[in-house]
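Written out below as structure tokens is the structure these notes cover.
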Amino acid sequence: MSTKNELKTFSSEDVQQILTIAMGQEVSSHARLREMAQELSIDGETLDYAVESWATQKARQQKKHQRRQQFYRFELLPYLLVNAFLIILNIWIAGAVTWSIYPLLGWGLAIALGAVAWGGCRTRHVRVNGHGL
């Protein structure tokens, strides 16, 4: 009779986290990583592919983080500061928000379209062993 735990399924991310916790140690060198792979019956070619894939994924994540920081610093922050100033100026001069809504909407639309074109909606197809996911 199978138990409740035997019927559970795990995603690859879950398996990775569980195994990391179970190992209870950090891998400090490539040699130690190779030893662990051999213990798990993972051949060297597969390990090298996995390390290369990991490095590529890590570089993509870092690049994405840098783009996000640039977006906040050079696009969003000036948009918020300038439009806050324009709205305050508009209210001070006219007593209501009249003309300042136009730069707010126009610039906001430009930022939104730029964010989408710059990579906000790109999808990437991952290929593993020649099969697309």
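The values are calculated or read from the model by the stated rules, or taken from the named source; none is laboratory data. Just so it is clear, the structure is predicted and the values come from calculations on it, not from any experiment. As a convention, Cβ positions derive from the backbone with ideal geometry for all residues, glycine included, and neighbour counts pool all protein chains shown.
Total residues in the stretch 81-104 satisfying the condition of being exposed (fewer than 11 other Cβ atoms within 10 Å of the Cβ) and part of a helix (DSSP H, G or I): the figure is 3.
Regarding the stretch 7-23, can at least one residue be identified that is at pLDDT 75 or above, in contact with a Leu (Cβ under 9 Å, 6 or more places away or on another chain) and not polar (S, T, N, Q)? No, the stretch 7-23 contains no residue that is at pLDDT 75 or above, in contact with a Leu (Cβ under 9 Å, 6 or more places away or on another chain) and not polar (S, T, N, Q).
Of all residues in the stretch 27-74, those being closer than 18 Å to Ser12 by Cα and not in a helix (DSSP H, G or I) number 3. Look at the stretch 51-68: where a residue is farther than 26 Å from Arg32 by Cβ and a partner is assigned to a helix (DSSP H, G or I), sitting 6+ places away or on another chain with Cβ atoms under 9 Å, you get Lys64/Gly119; Arg67/Trp118; Arg67/Gly119.
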